[in-house]
Amino acid sequence: MPRPRNQVPDRFFLTTAIDYSNGDPHLGHALEKVGADCIARYRRLRGNDVHFLMGMDEHSQSVLQASANAGVTPQAWVDRLSTVFTDFWKRLGCSNDDWIRTTEPRHARAVTALLERIKERHPDHVFLAEYSGLYCTGCEEFKADAQIKDGHCIEHPTLELVPTKEPNHYFRLTAWRDPVLQKIENGEFLVEPAIRRNEVLSLLRSGLQDISISRVRLPWGIPFPDDPGQTVYVWFDALINYLAATGFPEAGYEKRWPADLHVVGKGITRFHCIIWPAMLLAAGLDLPRAVWAHGYVQWEGSKMSKTAGTAVSLESAIARHGPDALRYFLLREIGFENDGNFTWERLDVRYTDELANGYGNLASRVLAMIERYVGGIVPTGVADTPLDQEGNARVAAYGNAMDGNLIHEGAQEMWGLVSRANQFVEETAPWNLAKAKDTAGLDRALGALARALTRITLMIHPFIPGKAGEVWGGLGLPGTAADAKWGALENPPTGGGKVRKLTPLFPKPVS
RNA sequence: GGCAGGGUAGCUCAGGUGGUUAGAGCACGGCACUCAUAAUGCCGGGGUCGUGGGUUCGAGUCCCACCCCUGCUACCA
């Protein structure tokens with residue numbers, strides 16, 4: 001399959017879905033942010049000029065209602081949530097370059113400009129029509145089928161739903177079905193993984209309807225151009241954040257647009273893979289190169305969303321073993337493709353087994369042997385040991401996997417090298433070399449182990465940037481792991497650094 | 001209902017176009033080692049490959065039926 005995003009190797013504009021501000025962040029939000037951050041960090045390692053965007057979706061009826069329930073103004077409500085979200089993402093080590101909020105002026109400007117641009121190019125693609133639906137007087141909004149049970153609103157089963165019509169502005173989505181379909185089919189616009197691509201394709205093939213893009217009676221939104229009585233429907237509004245963050249419509253936005261990758265949840269592919277590209281085509285703008293739709297975090301096999309999400313708070317999940325451990329768990333156990341289960345037991349197992357006994361212990365034993373047997377200076381030497389050879393193969397396979405956003409497979413390659421490094425320790429038995437005063441043998445073995453640990457550290461850095469950074473320092477390497485480039489992974493620095501022993505990176509809880 | 005994906009060791013999963021004793025990691029049992037966070041390495045036990053038929057010299061791998069799970073099925077985001 002062609003990968004057009006690699007046509008521009010230097011620049012990489014990466015986004016996550018903007019989070020909906022109707023409640024506190026949970027593990028599901030965290031998976032997406034951490035996964036995208038892992039990709040962003042990997043891309044920097046690859047040498048791309050990464051621009052990483054995250055943000056908040058702050059309009060809509062639900063936000064208005066949530067703020068009313070809390071007894072505060074909508075603005076105060078979203079201000080607070082924006083802070084809560086950014087604090088969590090900072091604690092989890094997210095390296096986003098920008099944080100956009102749909103209540104910002106730069107966003108409203110872009111929404112208005114995009115609508116104007118569509119109307120200019122295709123005057124009949126934005127038009128007025130009647131929207132009819134079932135209106136709940138309790139919620140003061142139209143209800144979708146999924147929100148209706150036995151002919152009544154789920155929230156207000158005692159009230160009658162009122163069939164209502166209102167004039168809405170519509171977008172002629174149907175006109176763009178074939179162009180969007182074609183761009184997905186020919187690989188110009190990638191929808192990944194394949195299961196999501198198939199879903200989107202079948203949706204497109206089964207036909208589309210024009211969509212309503214405005215709402216009356218909803219003050220909490222962006223005013224619809226030339227129609228002060230209506231606001232822009234929240235989804236039409238929200239998608240444009242990716243473009244707004246490039247500075248659109250101001251000159252210079254083309255330096256960032258199009259996005260190279262939109263990371264989203266599997267539930268919102270039709271907005272990102274059908275409606276959004278249609279909007280862009282109508283406005284004569286380039287499509288993003290790719291959308292990656294990840295799965296969900298589940299709890300005991302069922303959805304962990306707003307309702308069930310209270311089972312595990314993000315706060316407690318971070319507190320268990322620290323932010324790096326949670327990042328690692330989400331990416332390793334849950335993965336970035338299928339759904340996965342969160343359980344405390346699995347979190348503990350991954351932590352103890354892979355981080356403490358695996359990576360942490362390897363770092364600990366390598367640094368200790370360098371300290372004890374060769375005076376704490378990393379030996380220089382020729383990278384021709386079996387461990388170096390294994391490293392070459394693992395690094396190459398890691399790169400292939402990570403290039404395709406298969407971060408789960410990337411992690412597997414990294415673990416393959418950890419395993420081989422531990423074997424290498426047993427094979428060379430440096431403690432015996434030391435007894436035999438075989439300094440050449442010690443240099444050769446410990447030099448190879450230092451190079452392997454350097455490679456492992458760089459490969460694991462996108463997953464656990466904090467702890468990997470500590471090991472980088474422990475190896476006495478120049479600069480930081482975050483600034484290191486691919487060359488350091490292919491040909492790790494050949495020694496000379498002064499090691500520094502570390503306190504255990506992943507202490508085991510005493511129990 | 002329709003479309004799509006899946007049901008393989010206790011757990012999480014690998015197993016292109018059918019072919020020697022079905023694999024990995026974790027968990028479990030034994031042995032070895034001591035540099036390391038009682039860590040690591042080696043060996044081993046453990047599976048009627050959802051069910052029932054069929055094609056074939058031979059099927060986890062193809063065909064049919066059935067059971068179960070998951071996702072999508074268009075304006076909650």
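The values are calculated or read from the model by the stated rules, or taken from the named source; none is laboratory data. On a predicted model such as this, the values are computed, not experimentally measured, just so you know. All Cβ positions, glycine included, derive from the backbone under ideal geometry; neighbour counts span all protein chains shown. Accessible surface is based on the protein model in full, side chains and every heavy atom, while ligands, DNA and RNA are left aside. Shrake-Rupley method; radii C 1.70, N 1.55, O 1.52, S 1.80 Å.
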(request) Consider A:T112 carefully, then state whether it is at pLDDT 95 or above and open to solvent by 30 Å² or more (accessible area, probe 1.4 Å). (result) yes
(request) Considering only residues that are within 6 Å of RNA strand B (Cβ to nearest atom) and closer than 14 Å to A:F424 by Cβ, look in the stretch A:362-374 and name the one that is least open to solvent (accessible area, probe 1.4 Å). (result) A:M369
(message) List the residue pairs whose Cβ atoms are under 6 Å apart, where the first residue sits in the stretch A:195-214 and is over 15 Å from A:I184 (Cα atoms), the second is surrounded by fewer than 20 Cβ atoms within 10 Å (Cβ to Cβ) and of a type in the set (V, I, T), and the two are 6 or more positions apart or on different chains.
(response) A:L208/A:T174; A:D210/A:T174
(request) Pairs only if they're at least six apart or on different chains, beta carbon under 6 angstrom, first in the stretch A:420-436 and more than 9 Å from RNA strand B (Cβ to nearest atom), second open to solvent by less than 30 Å² (accessible area, probe 1.4 Å) and small (G, A, S); list them, first residue then second. (result) A:T428/A:A445; A:L433/A:G441
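Taking the stretch A:192-230 as the search range and keeping residues that are closer than 16 Å to A:M279 by Cβ and more than 9 Å from RNA strand B (Cβ to nearest atom), which one is surrounded by the fewest Cβ atoms within 10 Å (Cβ to Cβ)? Can you show your working first?
Start the filter on the stretch A:192-230 by keeping residues that are closer than 16 Å to A:M279 by Cβ, which leaves A:200, A:204, A:208-214, A:222, A:224-225.
With the extra rule that they be more than 9 Å from RNA strand B (Cβ to nearest atom), the set shrinks to A:214, A:222, A:224-225.
On the way: A:S214: 28, A:I222: 23, A:F224: 23, A:P225: 17.
Here the answer is A:P225.
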(request) Return the only residue of A:D324, A:D339 being closer than 15 Å to A:H461 by Cα, acidic (D, E), within 14 Å of RNA strand B (Cβ to nearest atom) and in contact with a helix residue (DSSP H, G or I) (Cβ under 9 Å, 6 or more places away or on another chain). (result) A:D324
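Condition check ((1) farther than 23 Å from A:G469 by Cα; (2) without any contact (Cβ under 8 Å) to a residue 60 or more places away in the chain) across all residues:
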| site | (1), (2) |
| --- | --- |
| A:D339 | yes, yes |
| A:W344 | yes, yes |
| A:D348 | no, yes |
| A:Y351 | no, no |
| A:L355 | no, no |
| A:G358 | no, no |
| A:D384 | yes, yes |
| A:D388 | no, no |
(request) Select from the stretch A:212-254 the residues that are modelled with pLDDT under 90 and of a type in the set (A, V, I, L, M) and list them in ascending order. (result) A:V216, A:L218, A:V234
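Looking at the stretch A:371-391, is at least one residue of a type outside the set (S, T, Y), closer than 30 Å to A:R289 by Cβ and either out of contact with any Ser or Thr (no Cβ under 6 Å at 6 or more places or on another chain) or not in a loop (DSSP other than H, G, I, E, B) (or both)? Working first, answer last.
Of the stretch A:371-391, the ones of a type outside the set (S, T, Y) are A:371-372, A:374-379, A:381-384, A:386-391.
Applying the additional criterion that residues be closer than 30 Å to A:R289 by Cβ yields none.
No, there is no match, as no residue in the stretch A:371-391 is of a type outside the set (S, T, Y), closer than 30 Å to A:R289 by Cβ and either out of contact with any Ser or Thr (no Cβ under 6 Å at 6 or more places or on another chain) or not in a loop (DSSP other than H, G, I, E, B) (or both).
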(message) I need every pair where a residue in the stretch A:262-285 that is part of a helix (DSSP H, G or I) has its Cβ under 7 Å from the Cβ of a residue that is open to solvent by 30 Å² or more (accessible area, probe 1.4 Å) and among the β-branched types (V, I, T), sequence separation at least 6 or different chains.
(response) A:I275/A:I211
